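J.: One structure coming up, written as structure tokens, with questions to follow.
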Amino acid sequence: MSKESTTTHAHGITTAGVATFSEGEGSPAALFRVMPDIPIDYALEQASVMMGCVHKLTFVGVMDKDDTLVWAAHLLSGMAHALVEDLALGVSYHIDDKAARRSAGTARASEGADAVSALKA
């Protein structure tokens, strides 16, 4: 993790902790789940690192005809995909939460205006 991402976090957006990965054919459930409350900057950094590894694993795996490396890349890409998918949910939750707070603030302001009008009458 870079020094910058340990000291600042972008707008309080975090992972939702909902996305899963490593579902297999015939598997009763996903084996892994993204942890909630991971800051967006750190999660994106990790997804980028994973995708860099996937890129190298697929290239070497294909060139060397090594199916094990290709499967490792497949699993790692599933992790990166789940992380980005979970971040998208976290962003959505953050936006919905801000909208709800803004709406509640507007409602409180109009209630206050109504109370002032009633006192003047």
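Just so you know, all these numbers are worked out from the coordinates, no wet-lab data involved. Just so it is clear, the model here is predicted, and its values are computed rather than measured. FYI the Cβ positions are ideal-geometry reconstructions off the backbone, even for glycines, and counts take in every protein chain you see.
J.: Residue-wise, which Karplus ³J(HN,Hα) couplings in Hz belong to the range 45-58, taking 6.51 cos²θ - 1.76 cosθ + 1.60, θ = phi - 60°, and x for glycine or proline?
T.: Using θ = phi - 60°, the values come out as 4, 5, 4, 5, 4, 4, 5, x, 5, 4, 4, 5, 4, 5 Hz.
J.: For 22, 77, 27, what ranking results if the residue with the fewest other Cβ atoms within 10 Å of its Cβ goes first? Please list the in-between numbers first.
T.: On the way: 22 14, 77 18, 27 9.
By the 10 Å Cβ count, ascending: 27, 22, 77.
J.: Can you give me the orientation-averaged projected area of the convex hull built on the Cα atoms of the range 9-96, in nm²?
T.: 6.2
J.: Per 0.36 nm of contour for each residue apart, how much would the distance between residue 100 and residue 20 grow if the chain were fully extended, relative to their Cα-Cα spacing?
T.: Working: separation 80, 0.36 × 80 = 28.80 nm, distance 2.73 nm.
Extra length from residue 100 to residue 20 when fully extended: 26.1 nm.
J.: I need 68, 15 ordered by Cβ neighbour count within 10 Å, fewest first.
T.: 68, 15
J.: Cβ under 12 Å from residue 82's Cβ, residue 82 left aside: what net charge do those residues give with Lys, Arg +1 and Asp, Glu -1? It would help to have the intermediate numbers written out before the result.
T.: On the way: positive: 33; negative: 23, 85, 86.
Residues near residue 82 contribute -2 overall.
J.: Using a simple spin-label model with points 7 Å from Cα along the Cα→Cβ vector, what separation in nm is obtained for residue 44 and residue 71?
T.: 3.5
J.: Summing +1 for each Lys or Arg and -1 for each Asp or Glu, what net charge is found among the other residues whose Cβ lies under 10 Å from the Cβ of residue 20?
T.: Result for the local shell: -2.
J.: Taking the Cα centre of the range 9-96 as origin, work out the dipole magnitude from +1 charges on Lys and Arg Cβ and -1 charges on Asp and Glu Cβ, in debye rounded to 20.
T.: 120
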